[in-house]
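Visitor: Take a look at the following structure, please.
None of the figures in this text is laboratory data; all of them are computed from the coordinates on show. Small disclaimer: the values here were computed from a predicted structure and weren't measured. Cβ: placed from backbone, ideal geometry, glycine included. Neighbour counts: every protein chain shown.
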Amino acid sequence: MADPMRVRATENGGVVDVKILMKHEMETGQRKDAAGKLIPAWHIQTVTAQCKGKEVFRAQFGPAVSKDPFLSFKFKGGAKGDKVTVTWVDNHGDKRTDEATIA
Amino acid sequence: MRRAFIRASAALAAIGLTAKAAAQAAPAAGKGGRVRVVYQLSEGIDQAVRAMANLRNHLNAAPDTKIVVVAFGYGVDFLVEGARDARGNTFDAAVSALSSAGVEFRACHNTLVARKIPEDKLLMEAKVVPAGVVEIARLQFEDGYAYLKP
Amino acid sequence: MNSKRREVLRVTAVLSLMAATGLIGEAQAAEWNKAAFDGKSVSDVIKALGGSGTEKSNAIVFNAPDIAENGAVVPVAVTSNLPDTEQIAILVEKNPNTLAADFTIPAGTEPFVSTRVKMGQTSIVYAAVKAGGKWYVASKEIKVTLGGCGG
């Protein structure tokens with residue numbers, strides 16, 4: 001499985017702040033290798049986050065998102081102790097799911 | 001006489017063995033393997049700004065170097081979310097780029113407690129270690145890291 | 001056939017079957033808007049996102065540096081104060097492909113997102129927001145001293 005992402009979720013005043021740091025090359029498909037050949041695009045395409053069975057965020061990434069993508073969003077309806085689950089899928093079909101407990 | 005000789009040889013052999021073992025425990029410098037360096041950041045934002053440039057230059061010149069940054073005291077300031085330098089720039093981009101290039105950022109837990117900085121206010125790239133000074137000593141003594149203070 | 005390829009084929013087959021039998025929505029099966037990510041201009045992208053045009057809005061707060069020293073990592077954050085915000089997109093006009101990322105804001109989620117994008121060169125960057133079925137934009141020029149797309 002791909003390298004784990006770091007997920008942090010903190011609740012304040014009813015709003016859960018989620019920060020995610022993913023590990024992925026995010027190869028644009030524009031770079032050339034030493035022999036001058038184009039390195040094929042390899043990047044996360046979708047990121048989804050769930051809390052208590054409900055989707056709380058969805059992102060579609062193109063290759064222009066930076067390497068080791070960072071993503072932050074906020075939602076209402078989560079309480080301390082609930083889990084936030086994040087999943088990404090890349091253009092090779094690889095996926096990664098990690099979770100954090102809301103603190 | 002013979003017994004003394006045997007005892008002496010055994011002692012010499014033992015010394016020889018332990019010397020060899022010690023040499024193998026800390027990887028010998030200049031004998032192959034990656035150069036490892038620990039950067040100490042403990043002075044504040046201005047030092048951190050200089051260090052970001054030092055780190056970039058370091059990796060440009062020697063891309064294979066394993067670098068760990070240990071921040072304690074005022075050195076953790078640049079790792080706090082929203083921190084800005086004198087020109088108003090945030091550190092997240094620089095830390096992200098260096099992190100993607102393999103640099104590790106470790107913040108001292110004792111500092112966070114003493115200065116009342118919540119762990120969840122640190123940049124996601126930062127890891128927390130129990131004590132910065134202990135970490136710096138350990139990296140040098142046990143893991144053969146070279147010490148650098150920008 | 002290696003195991004990874006087998007896994008991808010298996011997943012694709014299962015997804016297609018699920019879509020065909022209506023178990024999951026078409027939208028979920030085709031999750032990535034290729035047309036939008038192939039767009040080479042702001043208008044191309046907005047069209048592919050289902051919009052007919054954009055209107056400038058002061059209700060979109062777009063936080064990004066004026067100068068990015070490293071084009072490979074440019075932090076951007078968008079907060080929309082438009083009511084009924086359902087989608088936020090980040091477009092970099094001069095990038096090889098204009099759309100960098102697209103975010104769906106379900107009910108109950110704040111109309112806010114923060115991420116980091118690559119910029120190939122100095123360019124106008126747009127924060128596009130779909131609110132109440134209409135697309136709005138805010139933009140700023142970000143100067144890049146070291147381009148970050150590669151090549």
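Visitor: Quick one: what are the phi-derived ³J(HN,Hα) couplings along region B:85-95, Karplus 6.51/-1.76/1.60 with θ = phi - 60°, whole Hz, x for glycine and proline?
Guide: So the J values, rounded to whole Hz, are 8, 4, 8, x, 7, 8, 9, 4, 5, 5, 5.
Visitor: For a quick check: with amide H placed at 1.01 Å from N, whose amide H comes under 5 Å from A:PHE57's, ignoring anything fewer than 5 positions away on the same chain?
Guide: A:ALA49
Visitor: Residue farthest toward the positive end of the dipole of chain A, with Cβ of Lys/Arg at +1 and Asp/Glu at -1: which of A:GLN45, A:ILE102, A:PRO69?
Guide: Final value for the positive-end residue is A:ILE102.
Visitor: Out of all DSSP beta bridges with both ends in region B:30-148, state the antiparallel percent to the nearest 5.
Guide: So the antiparallel bridges in region B:30-148 amount to around 10 percent.
Visitor: Oh, and also: What's the average, rounded to a whole number, of partner chain beta-carbon atoms within 10 Å of each residue's beta-carbon in C:90-100?
Guide: That works out to 3 on average.
Visitor: Please get the size of the charge dipole for region C:57-151, origin at its Cα centre, with Cβ charges of +1 on Lys and Arg and -1 on Asp and Glu, quoted in debye to the nearest 20.
Guide: 160 debye
Visitor: Can you pull the one-decimal nm distance between simple spin-label points at A:THR101 and A:LYS83, each 7 Å off the Cα toward Cβ?
Guide: 1.1 nm
Visitor: Which of B:VAL128, A:VAL89 has the fewest other C-beta atoms within 10 Å, and how do the rest follow up to the most? Numbers along the way, then the final one.
Guide: Numbers: B:VAL128 15, A:VAL89 18.
In increasing order of surrounding Cβ atoms, one gets B:VAL128, A:VAL89.
Visitor: Per residue, how big is the convex hull of region A:6-101 when only Cα atoms are used? Give it in Å³.
Guide: Values: hull volume 7.9 nm³, N = 96.
Per residue, the Cα convex hull of region A:6-101 comes to 82 Å³.
Visitor: While we're here: Using amide H atoms built in the peptide plane, which far-off residues or other-chain residues are under 5 Å from B:TYR145 H to H?
Guide: Under 5 Å from the amide H of B:TYR145 lie the amide H atoms of B:GLN140, each far enough along the sequence or on another chain.
Visitor: On to the next question. To the nearest whole number, what is the average tally of beta carbon atoms from other chains within 10 Å of the beta carbons of peptide A:46-57?
Guide: Whole-number average of other-chain Cβ neighbours for A:46-57 is 3.
Visitor: If you don't mind, there's one more thing I want to ask. Mind giving me the nanometre distance, one decimal, between the label points for B:ALA53 and C:TRP32, set 7 Å out from Cα along Cα→Cβ?
Guide: That separation, rounded to one decimal, is 4.0 nm.
Visitor: Right, here's the next one. Filter the cross-link list A:LYS54/A:LYS83; A:LYS37/C:LYS143; A:LYS19/A:LYS80; A:LYS23/C:LYS118; A:LYS32/C:LYS34; B:LYS121/C:LYS143 down to pairs whose alpha-carbon distance in this structure exceeds 18 Å.
Guide: Working: A:LYS54/A:LYS83 11 Å; A:LYS37/C:LYS143 29 Å; A:LYS19/A:LYS80 15 Å; A:LYS23/C:LYS118 16 Å; A:LYS32/C:LYS34 23 Å; B:LYS121/C:LYS143 29 Å.
Exceeds cut-off: A:LYS37/C:LYS143; A:LYS32/C:LYS34; B:LYS121/C:LYS143.
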